[in-house]
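The values are calculated or read from the model by the stated rules, or taken from the named source; none is laboratory data. Values in this document were obtained by computation on a predicted structure and should not be read as measured data. Note that each Cβ is placed from the backbone with ideal geometry, even for glycine, and that neighbours are counted across all protein chains shown. The area values use the complete protein model at the heavy-atom level, side chains included, leaving out ligands, DNA and RNA. Shrake-Rupley method; radii C 1.70, N 1.55, O 1.52, S 1.80 Å.
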Amino acid sequence: MRIYVNGREVEIKDNSKNVLEALKNIGIEIPNLCYLSETSVYGACRMCLVEVDGKDIVTSCTLKPREGMKIKTNTPEIYELRRGILELILATHNRDCTICDRNGSCKLQKYAEEFGIRDIRFTKIKKDNVVDKSSPIVRDNSKCILCGDCVRVCEEVQGIGVIDFAYRGFSTQVTPAFSNELAKSECVYCGQCVAHCPTAALTFRNDLEKLYQALSSDKIVIGMVAPAVRVAIQEELSLESDLAMAERIATFLRMSGFNKVFDVAFGADLVAYEEAHEFYKRLSRQEKLPQFTSCCPAWVKYVEQYYPKFVENLSTVKSPQQALGSLIKKIYAKKMGLNPQDIFLVSFMPCTAKKFEAEREEHAGVVDLVLTTKELSQMIKASGINIKQISPEPFDRPFGISSQGGLSFGKTGGVFGSVVSVLRDEIGISREEYDNLLEGVKIAKITLKDGKSIRAAVIFGLANARKIMKKISSGEFNVDIVEVMACNYGCIGGGGQPYPNDSRMRQKRAHILRETVGIKTLLSPVENFYVQKLYQEDLSDEHARHIIHTNYKP
Ligand code: HC0
Ligand code: SF4
């Protein structure tokens, strides 16, 4: 379709959702504070105004493109309107930018700078200041611009709907029901509201101070790095597809005082191996099927809240974070003659729910601190060390080697793919068929060499999980094993990843993760020599293996 933009004839896609997206695709980014391509259109902020056919000024997010239409995106009138909107938003906005969590990544701050706003004319109105620090997700209403992005993401993308608008006029707030704290709500701490909040109204708890306290104590500080962190942190450090990033992080952490640095992808190999065997046992006995993956803590909380009758279907294998943590505190410490109490274990995760997971009763005393990709990037930047110039050093042994399978955990489908590769290597597979059932659900039919057949589902995001869980619950959908990752694209899109954290960035991260996986020489967790050694020496019987299992209670 051809339209005219600022006096130039341009070609846009025929199926463009709206003018805002059509123009974005040809390189014109219309300012906006409430538009998300992942959710329904809200049209509240009024920043995305454009002039149509020399007459009307309308919001481009609600405007359907039409052949031959004449659009102006940048007239003096539009400029003044946008400036006025910004001034009105800023009138009630907490403007402590220098000490704000989103300093440098806030959309409102960016526009205030670009539109040259230096004075706010209307400052008599004060908003209620409510700060909720009850959970890893921090909510600060004084920074909220009522764009509703979090409300729509939580409801439409995650299918939870734990936050919504309440009260009227200047008292309007986004809050959980009855103005409760998030910790008392059904929030699963996935952090997708944080990922899409344009300001710092929703952030996550920053725990860096605890790290520096540990580093200045007598503790032995051990770090472990999750698969998705090595990919997304590059965005913060102006790197592109650095395949040695994980090893550079290892060097950096050692330079910062860490005694050892391990790879969570090793834990992922171990988990895939153990989970495949757990599944095969359940399949042979036809009990507690379907088996659900349990490495995503937001998904585990979701099952506990909404489907307690399926809690026993969750794999009892701990997540890689907790399984590796348990190995370090219980097996590694003993072998090295260390007192587990003297170890301070820090995991670097792309995820806000991992902070919650480490604090769960079942996992007490294992992982001492969870820091996100964002917090790691703050550490690196504050150190003044140019990470591009430091030499990559391998992770420490024995938990430093991983296969393609283990590293693939970082995006949706990775856990299931690894479990399948263990089944392939250990039992043998004679036939595999894959199909996309609905949008967001991948189905597999696998026949093992021993004649057993498996139906599997990989579910992308919690809103899709809700649809499938209803069908599983009613018996309409029969399946033996199910992988769920709460966030779209999996951990690479976790709530602790850098901003912007939208579909475009997630696609890019998925590509870099694939490249990073591709250079690994070990294909399957079965080929991981250190995993095999661990099974021979330390995890040889069921009793010994209980340290990497847990029980979620219905
Ligand atoms: Fe993930 Fe994990 S893959 S949940 O996304 O399973 O957070 O990256 O570390 O534990 O390995 C997150 C990422 C992990 C765990 C692993 C799993
Ligand atoms: Fe909703 Fe997830 Fe945000 Fe909680 S963390 S409010 S569940 S989007």
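Over all directions, how big on average is the projection of the convex hull of the alpha-carbon atoms in the range 454-511, in square nanometres?
Average projection, Cα convex hull of the range 454-511: 4.6 nm².
Name the residues of the range 465-488 whose amide N is less than 16 Å from a point 7 angstrom out from the Cα of residue 427 along the C-beta direction?
479-483
Just to verify a number: FRET efficiency for residue 455 and residue 119, C-beta to C-beta distance, R0 = 60 Å, to 0.05?
That gives a FRET efficiency of 0.40.
At 0.36 nm per residue, minus the direct Cα-Cα distance, what do residue 80 and residue 9 gain on full extension? Give it in nm, one decimal, please.
Between residue 80 and residue 9, full extension yields an extra 23.0 nm.
What number do you get for the range 185-341 when its Cα radius of gyration is normalised by 2.2 N^0.38 Å, N = residues?
After normalising by residue count via 2.2 N^0.38 Å, the value is 1.24.
Between residue 434 and residue 95, take the C-beta separation as r, use R0 = 60 Å, and let me know the FRET efficiency to the nearest 0.05.
So, using R0 = 60 Å, E works out to roughly 0.70.
If you count only protein heavy atoms and use a 1.4 Å probe, how large is the accessible surface of residue 540, to the nearest 10 Å²?
Using a 1.4 Å probe on the heavy atoms, I get roughly 80 Å².
Once phi is turned into ³J(HN,Hα) by the Karplus curve 6.51 cos²θ - 1.76 cosθ + 1.60 with θ = phi - 60°, what whole-Hz value does each residue of the range 21-37 show in order, with x for glycine and proline?
Calculated HN-Hα couplings, in order: 6, 4, 6, 4, 5, 10, x, 10, 8, 6, x, 7, 10, 9, 9, 10, 5 Hz.
Counting other Cβ atoms within 10 Å, keep those with at most 11, restrict to DSSP loop, and tell me which GluC sites (Glu not before Pro) in the range 192-300 are left.
Taking the range 192-300 and a limit of 11 other Cβ atoms within 10 Å, the loop GluC sites (Glu not before Pro) found are 240, 287.
For residue 344, list long-range residues whose amide hydrogen, built 1.01 Å from N in the peptide plane, is under 5 Å from its own amide hydrogen.
Excluding prolines and chain starts, which carry no amide H, the hits are 220, 221, 222.
I need the phi-derived Karplus couplings for the range 290-297: 6.51 cos²θ - 1.76 cosθ + 1.60, θ = phi - 60°, integer Hz, Gly and Pro marked x.
Computed from phi, the couplings for the range 290-297 are x, 8, 9, 5, 10, 8, 9, x Hz.
How big is the Kirkwood radius of the range 383-482, worked out from every pair of different alpha carbons and given in Å to one decimal?
16.2
What is the Cα convex hull volume of the chain when expressed per residue in Å³?
It is 167 Å³ per residue.
If the only charges are +1 at each Lys and Arg Cβ and -1 at each Asp and Glu Cβ, what is the size of the charge dipole of the range 2-74 around the Cα centre, to the nearest 20 debye?
It works out to roughly 100 debye.
If eta is 1.306 mPa s and T is 10 °C, what Stokes-Einstein diffusion coefficient results for the range 415-534, Kirkwood Rh from Cα pairs, in µm²/s?
The estimated diffusion coefficient comes to 97 µm²/s.
Return the Rg/Rh value of the range 387-434, two decimal places, where both radii are evaluated on C-alpha atoms and Rh is the Kirkwood radius.
1.16
Taking the solvent-accessible surface of protein heavy atoms with a 1.4 Å probe, what is the per residue accessible area of the range 2-74 in Å²?
Per-residue value: 51 Å².
Using only the alpha-carbon atoms of the range 2-74, report the extent along each of the three principal axes, biggest first, to the nearest angstrom.
Principal extents (Cα only, largest first): 29, 24, 18 Å.
Lys and Arg at +1, Asp and Glu at -1: add these up for the other residues within a Cβ distance under 15 Å of residue 360 and post the number.
That works out to -1.
With the Cα gyration tensor of the range 62-184 in hand, convert its eigenvalues to equivalent ellipsoid semi-axes via √(5λ) and list them largest first in whole Å.
Square roots of five times the eigenvalues give 29, 21, 14 Å.
Taking the Cα centre of the range 209-548 as origin, sum charge times position over the Cβ atoms of Lys and Arg (+1) and Asp and Glu (-1), and report the length of that vector in debye to the nearest 20.
In total the dipole reaches around 460 debye.
Share of antiparallel DSSP beta bridges in the range 209-548, in percent to the nearest 5?
40
Which percent of the accessible area of the range 273-368 is formed by carbon and sulfur heavy atoms (probe 1.4 angstrom)?
49
Taking the Cβ of residue 350 as the centre, find all other residues whose Cβ is under 10 Å away and add up their charges (Lys, Arg: +1; Asp, Glu: -1).
For residues surrounding residue 350, the net value is +4.
Please state the charge dipole magnitude for the range 85-204, taken about the Cα centre, from unit charges on C-beta atoms (+1 on K and R, -1 on D and E), reported in debye and rounded to the nearest 20.
380
Residue 57 to residue 443: FRET efficiency via 1/(1 + (r/R0)^6), r the Cβ-Cβ distance, R0 51 Å, to the nearest 0.05?
Between residue 57 and residue 443 the formula returns 0.60.
In whole Hz, with x marking every Gly and Pro, tabulate ³J(HN,Hα) for the range 387-392 from phi via Karplus 6.51 cos²θ - 1.76 cosθ + 1.60, θ = phi - 60°.
5, 5, 9, 8, 6, x
Which residue, 351, 499, 246, has the largest displacement toward the positive end of the dipole of the chain when charges sit on each Cβ (Lys, Arg +1; Asp, Glu -1)?
So the residue we want is 499.
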